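Worksheet: one structure, shown below.
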């Protein structure tokens, strides 16, 4: 996953290139087998701000070889992107690629929810992330960092809703705001998010995009509001 907030519009091409790289070789940690076609070959999606709207393009094809991604042209001050590994190959299609949208909220997710969210997703034959997004959009009344913190905590402490979920690593966009959240219950070396900010740009990514020493790993439970200035963050206290 990758997202940025910038003081000035930027060409998204370098970030699309990073998504293609993540598709081929992203975060292959101990215990993860190398997969044919890349580590995250099962679709991709990007969202960016264009005027007053968030535009989304999604595909079920591998990002590394998809001409739709390599041929994209966009300049924006708000961007998020995601490449996917599907545990069930039958779910691979553009509709199931992240990010998802619901009533003004755009969300990408790494991890899997169970409980009532997972069960409803299975019953409706949609992603568990889509069910989570619908619930979050309904509960997130005050569209601020504090409001999002309260809404996320209320959902994630409810074991009946989320079950023994693996992780809730999230990128969330609404209006002119962009947020990143890292939360894992297992495999913390895989469910990573790194932040770098400065010079009118804040970037968050599953892995550092370059060798700059300014990248730092978000803490477990850390929610960050990305901005062209200094990002603001809060730490959610959640059950183990």
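Some values worked out for this structure:
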read-out	value
Residue within region 112-120 that is surrounded by fewer than 16 Cβ atoms within 10 Å (Cβ to Cβ) and over 21 Å from residue 4 (Cα atoms) present	yes
Count - residues of region 161-189 that are surrounded by 22 or more Cβ atoms within 10 Å (Cβ to Cβ), touching a residue at least 60 places away in the same chain (Cβ under 8 Å) and under 18 Å from residue 201 (Cα atoms)	5
Residue within region 195-214 that is touching a helix residue (DSSP H, G or I) at 6+ places or on another chain (Cβ under 6 Å) and either at pLDDT below 95 or buried (at least 19 other Cβ atoms within 10 Å of the Cβ) (or both) present	yes
Entirely in region 121-240, the helices (runs of 4 or more DSSP H) that have 1 or more residues that are within 27 Å of residue 17 (Cβ to Cβ) and in contact with a strand residue (DSSP E or B) (Cβ under 8 Å, 6 or more places away or on another chain)	128-139
Selected residue (criterion: nearest to residue 47 (Cα to Cα)) from residues of region 98-118 that are in a loop (DSSP other than H, G, I, E, B) and out of contact with any strand residue (DSSP E or B) (no Cβ under 8 Å at 6 or more places or on another chain)	103
Within region 87-111, considering residues that are within 15 Å of residue 61 (Cα to Cα) and buried (at least 17 other Cβ atoms within 10 Å of the Cβ), the one modelled with the highest pLDDT	99
Residue satisfying all of: in region 57-78; assigned to a strand (DSSP E or B) and closer than 25 Å to residue 200 by Cβ; nearest to the chain's Cα centre (by Cα) among these	78
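The values are calculated or read from the model by the stated rules, or taken from the named source; none is laboratory data. Worth saying up front: this structure is predicted, and the values here are computed from it rather than measured. Neighbour counts are summed over all protein chains in view; Cβ atoms, including those assigned to glycine, are modelled from backbone coordinates with ideal geometry.
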